[in-house]
Amino acid sequence: MAGIQVSSSLLLSKSLPSLRCRREIVGARVNAPRVHLGVVSHPKLPSRYLVDEMEPRTGYSIARHDTKSSDDPRVIAKLYAIMEAVADRVEMHKNIGEQRDNWNRLLLTSINAMTLSGATMAGLAALAAEGSPLMALKLSSIVLYVAATGLLLVMNKIQPSQLAEEQRNAARLFEQLRVQIETTLALGKPDINDVNEAMEKVLALAKAYPLPLLGSMLEKFPSKVEPARWWPKQRSKQGFVGKIEGNNGWTRKLEEEMRQVVRVLKQKDLAEYIDLGSKALKLNKMLAISGPLLTILGALGSSFVGTTDCSWPVMMGVVAGAVATAVNSLEHGGQVGMVFEMYRGNAGFFKLIEENIMSNINEKDVERRENGEILEMKVALQLGRSLSELEQLAAIAECSEEFASKLF
């Protein structure tokens, strides 16, 4: 027993140092001081270094813009304020467009109902006996014809279908402007020039498509048909005559291609839609004059019913009302005013493409132009063509009768 106790005491004495060491290590680990590393941040690489690195790789010269004012938070705040106002204008023009489209349908229905009722009463008056029944039907027919004439004069003056098309175009273009401002904010740091450009576009759109009717309504029967204009005027610049090979995506070949596209747009597409707009305007003028004239003739015919044995008064009262209904339905049911505004808007679309191309070509400093390849892609998409089709169009522009646009 004594031997066993001695051996156990020796083992315990040998294990004590190791236990003490482990306890000290554990304690050291538990009581080790905590090190606070803080926020780890990566070094920021300035954008100009990226530009310098990308230029030799791509082979294109990347334009550098002065962004001294781009860090100003007031510039971003102004752009957001403009974007909020533009979004509000989109809703306003949508609501006003729906309202004026309702005007077109409700006024046309009311005028046709009154015209047909007046014609019916004129016919019944011819069958009525002398006395009160005849006088009542005659007066009712005259009143309905006169009321229809008054409403028709107002309707032909304001052209509700054309007003609705104006507001639809305005809503679409304001929405397009809102997306452009969002893109400007998302792609890079905007500067004060972006703010001024956005303001000019808002004011140009407000002038092109006014909301009120009184005082600022667009002329519905202009003496000369011109393309709609909803963008600010471009400043005239001197043409660039230096070497442009490889500068900002522009080459001599691309510049000549864009000139040929502009030539086709002016000679074919723009001229065609101006001509179509002129024809629609002439038809609308003729219908706008014929409708009230026919209702006045119907009222005159109704007033002479029963005063003579001849049949021409009742013929005038009934037939004029029927023809007036057909004319009004063709003008406002067929929305001839809307068709005229659509042709005018399409001509403005082609005019905008033309001015955008020429403003880039006439820019003296090639580095300040829009990138040539991007502009070519935009023009091809706007005309509904691929890049190869656009090049083919420019190649055969002088000897082909093809239109530039495949969309309209």
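Would you kindly calculate the translational diffusion coefficient of region 67-147, applying Stokes-Einstein with the Kirkwood radius from alpha carbon pairs, for 25 °C and a viscosity of 0.890 mPa s, and quote it in µm² s⁻¹ without decimals?
On the way: Rh = 17.4 Å.
Rounded to a whole number, D works out at 141 µm²/s.
Given axes a ≥ b ≥ c from the Cα gyration tensor, I'd like to know whether region 332-382 is rounded (a/c under 1.5), prolate (a/b larger than b/c) or oblate. Display every interim value, and only then the final one.
Working: a/c = 6.67, a/b = 2.98, b/c = 2.23.
Prolate shape, in that a/c is at least 1.5 and a/b is the bigger ratio.
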* Quick one: what are the phi-derived ³J(HN,Hα) couplings along region 258-264, Karplus 6.51/-1.76/1.60 with θ = phi - 60°, whole Hz, x for glycine and proline? => 5, 5, 5, 5, 4, 5, 5
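Can you quote the Å³ per residue value for the convex hull of the Cα atoms in region 180-230, rounded to an integer?
Values: hull volume 5.0 nm³, N = 51.
Hull volume normalised by residue count: 99 Å³.
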* Structure fact -> Sorted on mean Cβ neighbours within 10 Å (highest first), peptides 367-378, 204-215, 313-324, 143-154 come out as 313-324, 143-154, 367-378, 204-215
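Please report the equivalent ellipsoid semi-axes of region 227-349, computed as sqrt(5 x eigenvalue) of the Cα gyration tensor, largest first, in whole Å.
Details: eigenvalues 656, 26, 18 Å².
Those come to 57, 11, 9 Å.
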* Using a 1.4 angstrom probe on heavy atoms only, work out the carbon and sulfur share of the accessible area of region 289-387 in %. => 68
* Structure fact -> Computed on Cα atoms, the radius of gyration and Dmax of region 295-408 in angstrom are 27.4, 86
* Which value in nm describes the separation of the simple spin-label points at Met199 and Leu187, placed 7 Å from the Cα toward the beta carbon? -> 2.2
* Asked: Over all pairs of distinct alpha carbons, what does the Kirkwood formula give as the hydrodynamic radius of region 158-209, in Å?
  -> 12.2
* Structure fact -> Rounded to a whole %, the carbon-and-sulfur portion of the accessible area of region 128-227 at a 1.4 Å probe is 63
* Could you tell me what % of all Cα pairs in region 93-203 have separations over 25 Å? => 53
* Within region 356-399, whose backbone N sits under 19 Å from a point 7 Å along Cα→Cβ of Glu256? -> 358, 361-362, 372-373, 376, 388-399
* Structure fact -> Computed over region 295-353, the distribution of all Cα-Cα distances in 5 Å bins, rounded to whole %, is 4, 18, 15, 12, 10, 9, 8, 7, 6, 5, 3, 2, 1, 0
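Compute the orientation-averaged projected area for region 77-122 from the convex hull of its Cα atoms and round it to one decimal in nm².
Computed as one quarter of the Cα hull surface, the answer is 3.0 nm².
Indicate the gyration tensor shape class of region 245-293 (rounded, prolate or oblate), computed on the Cα atoms with a ≥ b ≥ c the square roots of the eigenvalues: a/c under 1.5 is rounded; otherwise a/b larger than b/c is prolate and the rest oblate. Numbers along the way, then the final one.
Details: a/c = 11.95, a/b = 5.18, b/c = 2.31.
Prolate, since a/c reaches 1.5 and a/b exceeds b/c.
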* Structure fact -> Flagged as over-length at 20 Å C-alpha distance, from Lys253/Lys364; Lys201/Lys351; Lys268/Lys406; Lys233/Lys282; Lys220/Lys268; Lys201/Lys406, the pairs are Lys233/Lys282; Lys220/Lys268; Lys201/Lys406
* To do: Kindly provide log₁₀ I(q)/I(0) values, in the same order as q = 0.12, 0.13 Å⁻¹, from the Debye equation applied to equal alpha-carbon scatterers of region 141-291.
  => -0.81, -0.91
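Residue separation times 0.36 nm, minus the C-alpha to C-alpha distance between Lys282 and Val143: what's the value?
Details: separation 139, 0.36 × 139 = 50.04 nm, distance 3.06 nm.
So the extension gain works out to 47.0 nm.
The values are calculated or read from the model by the stated rules, or taken from the named source; none is laboratory data. Since this is a predicted model, take the numbers as computed values, not measurements. Here Cβ is always computed from backbone atoms with ideal geometry, including for glycine, and neighbour counts include all displayed protein chains. To get the accessible areas, we keep the full protein, side chains included, count just its heavy atoms, and leave off ligands, DNA and RNA. Shrake-Rupley method; radii C 1.70, N 1.55, O 1.52, S 1.80 Å.
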